[in-house]
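Since the structure comes first, as structure tokens, the remarks are kept for the end.
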Amino acid sequence: MGLDNIAGGLLISLLQLFLGLVLAMGSVYIGLRLFDWLTEGIDEMKELKKGNVAVAILLGAVIFSIANIVESGVSSLTQLIVPGLPPMLLLASFIIGLVNLIVSIILAVFSIYIAVNVLDKITVGIDEFKELKRGNVAIAIMMAAVLLAMSFVIRGAVVGMASTLSPESLASALGW
């Protein structure tokens, strides 16, 4: 292995790291904004400024859940940047990876929204967001656990989707 190959591999690794960081932070930002938009009756940032630990626990679980689900989308996208791929296959793979990432962000936010709504239906007589505003840590921990558990299940679906739409399957389908 020559110095050119090592330098090329290092450059690709740094590009993957940078791309992964940008996509991960962007995904978390978009996810938090969408979650804020979906949750009526509570201003999460205002509650955080007041020191509401319950809201902080829930937002931490939202961030972790989004990251857990989206990680597979980011990983599949960054792994597509490999030396030696023909330019058209690289471009097609990048587009497929980007679509996988966008779908994983949508699935993450939608899953969190569904989980919170289903939990609301199950816990009759408890207004979770009213309790969170009051600082009820027990409710926050229960909601966080539901979100985290859901994220592991949804992540499996995203991994399956990403493996189905891989550069190898694309090349095979196109006869490359």
Computed ³J(HN,Hα) along segment 102-109: with the Karplus parameters 6.51/-1.76/1.60, θ = phi - 60°, integer Hz and x for glycine or proline, the list is 4, 4, 5, 5, 4, 4, 4, 5
Partner lysines whose C-alpha sits under 18 Å from that of Lys49, ignoring same-chain residues fewer than 8 away, are Lys130, Lys133
Once phi for every residue in segment 148-160 is put through the Karplus expression 6.51 cos²θ - 1.76 cosθ + 1.60 (θ = phi - 60°), the whole-Hz ³J(HN,Hα) values, with Gly and Pro written as x, are 5, 4, 4, 5, 5, 6, 5, 4, x, 5, 5, 4, x
For segment 125-132, in residue order, the Karplus 3J(HN,Hα) values (coefficients 6.51, -1.76, 1.60; θ = phi - 60°; whole Hz; Gly and Pro = x) are x, 10, 9, 4, 6, 5, 5, 4
Two pseudo-spin positions, 7 Å from Cα along C-beta at Asn117 and at Lys50, lie apart in nanometres by 2.7 nm
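Taking the number of other C-beta atoms within 10 Å as the exposure measure, put Met88, Met161 in order starting with the fewest. Before the final figure, lay out each step's value.
Values: Met88 11, Met161 17.
The fewest-first ordering by Cβ neighbours comes to Met88, Met161.
Read-outs throughout are calculated quantities, based only on the coordinates presented, and are distinct from any laboratory measurement. Bear in mind the structure is a predicted one, so any value in this text is a computation, not a measurement. Cβ: placed from backbone, ideal geometry, glycine included. Neighbour counts: every protein chain shown.
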